[in-house]
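Notes follow once the structure below has been shown.
The values are calculated or read from the model by the stated rules, or taken from the named source; none is laboratory data. All values reported here derive from a predicted model rather than from experimental measurement. Cβ: placed from backbone, ideal geometry, glycine included. Neighbour counts: every protein chain shown.
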Amino acid sequence: MTADDNASIHASAVLVGDQGILIRGPSGSGKSRLAFDLILAGRAGQVPATALIGDDRVRLAVSDGRLVVQGVPELAGLIEVRGLGIRTIGFAAEGRVALVVDLDATDAERLPPPETLKTRVSGLEIPRIPVGPGYAALPLVLAFITTV
């Protein structure tokens, strides 16, 4: 595995089944909330079992031509739940990124052009969901996971 930059990035990530979802956005945009909502959706059987990879800070690396997201050890199993503070939850060490969710995206549209539904991370093209400010991300992610 080679890392483009050993430093962590400001993002959250979950593992849904065998697919990693990287959640990006500015502070306060709902990254932790979306991660926790996806974990709850996994527990409710709406999506495959879901585990936290990392909240607030993660590392990205390329391995065998795939983007891999890893949690940072000092935050392993910790997630912020607004109104409750930092909580402990089960976690996965890493996952192959199958989707990037960009919260508070300025290019989000009702019927987005195909080019906005992809992004390049570490030189790899990854499917992307741009979520506009004030819009709920969970339904979009569930639709991506459960539809073709």
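Determine if region 49-67 includes at least one residue that is touching a helix residue (DSSP H, G or I) at 6+ places or on another chain (Cβ under 6 Å) and part of a loop (DSSP other than H, G, I, E, B). Yes, region 49-67 contains a residue that is touching a helix residue (DSSP H, G or I) at 6+ places or on another chain (Cβ under 6 Å) and part of a loop (DSSP other than H, G, I, E, B). Any residue in region 108-120 that is more than 23 Å from GLY54 (Cβ to Cβ) and in contact (Cβ under 8 Å) with a residue 24 or more places away in the chain? Within region 108-120, one or more residues are more than 23 Å from GLY54 (Cβ to Cβ) and in contact (Cβ under 8 Å) with a residue 24 or more places away in the chain. As a summary of the residue check, ASP107 satisfies the conditions (1) assigned to a loop (DSSP other than H, G, I, E, B); (2) out of contact with any Ser or Thr (no Cβ under 7 Å at 6 or more places or on another chain) except for the one numbered (2). Among the residues of region 43-61, those identified as farther than 14 Å from ALA13 by Cα and either in contact (Cβ under 8 Å) with a residue 40 or more places away in the chain or not hydrophobic (A, V, I, L, M, F, W, C) (or both) are ARG43, GLY45, GLN46, VAL47, PRO48. Name the single residue that is surrounded by the most Cβ atoms within 10 Å (Cβ to Cβ) among those in region 68-93 being over 14 Å from ILE9 (Cα atoms), among the hydrophobic types (A, V, I, L, M, F, W, C) and touching a Leu at 6+ places or on another chain (Cβ under 8 Å). The qualifying residue surrounded by the most Cβ atoms within 10 Å (Cβ to Cβ) is ILE79. Taking first residues from region 75-96 that are part of a strand (DSSP E or B) and partners that are of a type in the set (Phe, Trp, Tyr), the Cβ contacts under 8 Å between residues at least 6 apart in sequence or on separate chains come to ILE79/PHE36; VAL81/PHE36. When the criteria are applied in full, GLU115 meets the requirement of being of a type in the set (D, E, K, R) and either at pLDDT below 95 or assigned to a helix (DSSP H, G or I) (or both). Please go through region 27-45 and give me each residue that is part of a loop (DSSP other than H, G, I, E, B) and farther than 21 Å from PRO127 by Cα, ordered by number. Matches in region 27-45: SER27, GLY28, ALA44, GLY45.
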